[in-house]
Structure formats: structure tokens, C-alpha cells
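Down below is the structure, laid out as C-alpha cells.
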Amino acid sequence: RKEVEQDPGPFNVPEGATVAFNCTYSNSASQSFFWYRQDCRKEPKLLMSVYSSGNEDGRFTAQLNRASQYISLLIRDSKLSDSATYLCVVSAYSGAGSYQLTFGKGTKLSVIP
Amino acid sequence: NAGVTQTPKFQVLKTGQSMTLQCAQDMNHNSMYWYRQDPGMGLRLIYYSASEGTTDKGEVPNGYNVSRLNKREFSLRLESAAPSQTSVYFCASSEFRSYEQYFGPGTRLTVT
């Protein structure tokens, strides 16, 4: 079983739509959770961290359910510039001040005019 | 402040050739990482270096070696390239005890 699983998509949505991505993880020892964004042929970049209490950054809302080992990302009022691949990422401490990240395969989003 | 830089950006190798991918960061980060990204596989950790002078294997270390040359530089070597090593390679770095990793622009490697 893959450690971090995501629906690969693609999700094709019109501008202004609300879209939700889901992710599950298998390692109950995972300590921290993130969504990264990766544009086509570019490097991944941190979009936002995910907390159990839920957190919001503008049009983006992330949620974590530790009991179900489930992470979500909601994008409201989609913009063309939101088109990218969204990577679900979990982190575990690997010692000596370093954390190992485990990445999902990503969910591709295309926002259509 | 360039962040994380990688050279080369593109490379084509023949099976059996060797090469070294270079990575440098100017953010004074302690930890550095090498990943590969393949279609349908996501990013997978090859090796990492928690601090200068230490290196450890990740999920897919076979066929690779690394050197943490100093705090800034972390290189990845392919001793005898194989077609299965065709991939996009990303280097990343992070501060001590920080979750966030900063990625370089990647090296696209093709082995024929």
C-alpha cells in the first residue's frame, strides 16, 4: 500500500468553481502534513501546512483528520493561475534535526476559462 | 540569494556512462536531499544529508552515491547509468528542525 494516496485526476473545472482534493496516508507516526504545488516542468513549492484545527489561506482551506488519516484541500473561486499539480505530503522526523517528506503522486488541476 | 541551484539542467547519457549532478544552496541550511520524479510515481527520496558530514539512504538509493562536500553542496553520482535512471532529479534543502524543504529547478536526465 502506497504511503500517501491521492486521486490523480485530472480535475477540469471552470473558473470560479470550488474544487476539493483528498489524500490518505498510512503511517500513523507521521507528524506533519502539507500541500505542495508543482507547476508543469517546475519544482514543487510549499502551498500550505495542514493542521488538525483546519487552516485557511485566502481561497485555500486545508483540513487534517488524524483519526481517519485523511487530509483535504479546498480551493474556492478557482482562478486560471491555480492550474497545477497539487501534492499531498507527510513528514516524519528522521533524526539529527532532519525530516523526511513522503509525497503523494499528485492531483492535476486544470482551470478552464 | 539564488536559493537552491542545480547543474546541469539537462543531460543525455548512454548506458554505462557516469556523471555527477551538482546541487548548491545559499540559505545556510543544515539538511539537503536528493529526489527523483517519474511519471505516475511521485517524488521519491534517493539520499539525504541531515548535516554536513552525514549521509543516509532514502527510499531508492540503489545505483547512486552522494557526497556532502560542505554545508552548501550535495552531489549525486551515477557510476554506471541505466535506462531505469531516466528521470527528473530534484535537490532540496531545509533548515535545522524545519519541515519546509526548498527545491532546486531540477535536472532532466535521459539514459539511452
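The values are calculated or read from the model by the stated rules, or taken from the named source; none is laboratory data. Computed from a prediction, not measured in an experiment: that's the story for all the values here. Every residue, glycine as well, gets a Cβ built from its backbone with ideal geometry; the counts of neighbours run over all protein chains shown.
Brief remarks on what is shown
- The listed residues are B:Val111, B:Val4, B:Val60, and the only one of them that is over 22 Å from A:Thr102 (Cα atoms), touching a residue at least 24 places away in the same chain (Cβ under 8 Å) and of a type in the set (Val, Ile, Thr) turns out to be B:Val111.
- The requirement of being part of a strand (DSSP E or B), free of Cβ contacts under 8 Å to residues at least 40 places away in the same chain and surrounded by 23 or more Cβ atoms within 10 Å (Cβ to Cβ) is satisfied by B:Tyr48.
- For region B:28-40, filtering for residues that are farther than 13 Å from B:Gln101 by Cα and either assigned to a strand (DSSP E or B) or at the interface with chain A (Cβ under 7 Å from one of its Cβ atoms) (or both) leaves 4.
- Candidates in region B:94-112 are the residues that are in contact with a Lys or Arg (Cβ under 9 Å, 6 or more places away or on another chain), more than 10 Å from every other protein chain (Cβ to nearest Cβ) and of a type outside the set (A, V, I, L, M); of these, the one that is nearest to A:Leu87 (Cα to Cα) is B:Thr107.
- Inclusion of B:Ser87 among residues that are under 11 Å from the mean Cα position of the chain (by Cα), over 17 Å from A:Lys45 (Cβ atoms) and more than 8 Å from chain A (Cβ to nearest Cβ) is not warranted.
- For region A:96-105, the criterion of a residue being at pLDDT below 90, under 18 Å from B:Ala92 (Cα atoms) and surrounded by fewer than 19 Cβ atoms within 10 Å (Cβ to Cβ) is satisfied by at least one position.
- Some residue of region B:71-79 being touching a Pro at 6+ places or on another chain (Cβ under 9 Å) and polar (S, T, N, Q): no
- Which listed residue is away from chain B (no Cβ under 12 Å), among the hydrophobic types (A, V, I, L, M, F, W, C), over 30 Å from B:Glu52 (Cα atoms) and surrounded by fewer than 19 Cβ atoms within 10 Å (Cβ to Cβ), from A:Ala17, A:Ala62: A:Ala17
- A:Glu15 vs. criteria of a type in the set (D, E, K, R), touching a helix residue (DSSP H, G or I) at 6+ places or on another chain (Cβ under 7 Å) and at negative phi: yes
- Residues that are in contact with a Leu (Cβ under 6 Å, 6 or more places away or on another chain), at pLDDT below 95 and either surrounded by fewer than 17 Cβ atoms within 10 Å (Cβ to Cβ) or part of a strand (DSSP E or B) (or both) occur in region B:52-65; there is at least one.
- Residue selected from region B:67-84 under the condition away from chain A (no Cβ under 14 Å) and part of a strand (DSSP E or B), by the criterion farthest from B:Asp26 (Cα to Cα): B:Leu78
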